[in-house]
1. Since Arg57 meets every condition but one in (1) out of contact with any helix residue (DSSP H, G or I) (no Cβ under 9 Å at 6 or more places or on another chain); (2) at negative phi; (3) not acidic (Asp, Glu), which condition does it not meet?
2. Out of (1) modelled with pLDDT of 80 or more; (2) in a loop (DSSP other than H, G, I, E, B), the odd one out for Gly43 is which?
3. Mind listing just one residue for me: the one in the range 90-140 that is more than 17 Å from Phe52 (Cβ to Cβ) and among the aliphatic types (A, V, I, L, M) and, of those, nearest to the chain's Cα centre (by Cα)?
4. Go through the range 29-51 and give me each residue that's among the small types (Gly, Ala, Ser) and free of Cβ contacts under 8 Å to residues at least 60 places away in the same chain.
5. Within the group Ala56, Ala97, which residue is under 17 Å from Gly128 (Cβ atoms), at pLDDT 80 or above and not in a strand (DSSP E or B)?
6. When the residues of the range 100-122 are filtered to those that are outside any strand (DSSP E or B) and at pLDDT below 90, which remaining residue is surrounded by the most Cβ atoms within 10 Å (Cβ to Cβ)?
7. Within the range 123-179, track down each residue that is under 22 Å from Val107 (Cα atoms) and either open to solvent by 90 Å² or more (accessible area, probe 1.4 Å) or modelled with pLDDT under 65 (or both).
Amino acid sequence: MRRFTRATLTVFLLATMSFAAPAVANASTIYPPVDACSSDAAGAGPGDTISFSCDARSFAPNEAVTVTVTGENGAGATFAMVRTAISTASKRYESDANGALPAIRIVLPSDARGVYNIAAISASSTGGTASAVIDTSDSSDPLVRAGFDGNQLMGLWIGAGALLAAGAVIVIAAALRRHRDRTDD
C-alpha cells in the first residue's frame with residue numbers, strides 16, 4: 001500500500017512537471033497580436049517621412065527595442081536624422097512604461113521604391129512588423145498614390161473574361177443539346 005502511494009505520487013509529480021515546464025519557459029516571452037505595430041505609410045513616396053509605432057504590451061516596460069527598415073537601399077532610410085551605413089537601417093529605442101513603442105519618425109530614402117519592411121523586436125518579445133509600399137508614380141490619382149494600379153490587374157481581367165466566355169459557351173451548348181433532345185423525341 002505504501003509503495004502504491006509513493007508510486008502514484010511520483011507519477012503525479014512527473015506529470016505535473018512535464019506540463020509545467022513548457023508553461024514556465026513560455027511565460028517570459030511576449031507574443032503581441034499580429035497587428036500590434038503599424039505604419040502610416042499608405043501612399044508614401046520617395047523621401048517622405050512616415051511614422052511607425054507599436055501598441056501597449058507589445059514589449060516589456062522600459063525595454064530596449066530594435067527597429068529595422070529593410071528594402072531597396074534600406075540603408076538610405078534615416079531615423080530622426082541619424083544615417084546608417086549598412087544595407088539595412090537599424091536603431092535602438094526604448095518602450096514606454098506600458099510596453100508600447102511610441103511613434104518614431106522614419107525618413108525614406110530619396111530613391112525609395114518597392115516595399116520596405118519595418119520590424120521591431122526585443123529580448124523579451126517577438127515584436128511586430130509593418131510594411132511601406134512606396135509609390136513612385138507621378139499620378140495625382142489617389143488610388144494610384146495608395147498603391148492601386150489598374151494596369152497591374154490587366155491579366156486578372158483578361159482571365160476573368162475568358163472564364164466568363166467559356167461558361168457562356170457551356171451554357172449555350174447545354175441549352176442547344178436539351179432543345180435538340182426534345183425535338184428528336
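1. (2)
2. (1)
3. Ala123
4. Correct list: Ser51 only.
5. None of the other options fit; the residue is Ala56.
6. Leu108
7. So the first thing to find is which residues in the range 123-179 are under 22 Å from Val107 (Cα atoms), and the list is 127-140, 142, 144-147.
Asp138, Ser139, Ser140, Pro142, Val144, Arg145, Ala146, Gly147, listed by residue number.
The values are calculated or read from the model by the stated rules, or taken from the named source; none is laboratory data. Being a predicted model, the structure only gives us computed values, none of them experimental. Backbone-built Cβ (ideal geometry, glycine too); neighbour counts: all protein chains shown. These area figures cover heavy atoms from the full protein model, side chains too; ligands, DNA and RNA do not enter into them. Shrake-Rupley method; radii C 1.70, N 1.55, O 1.52, S 1.80 Å.
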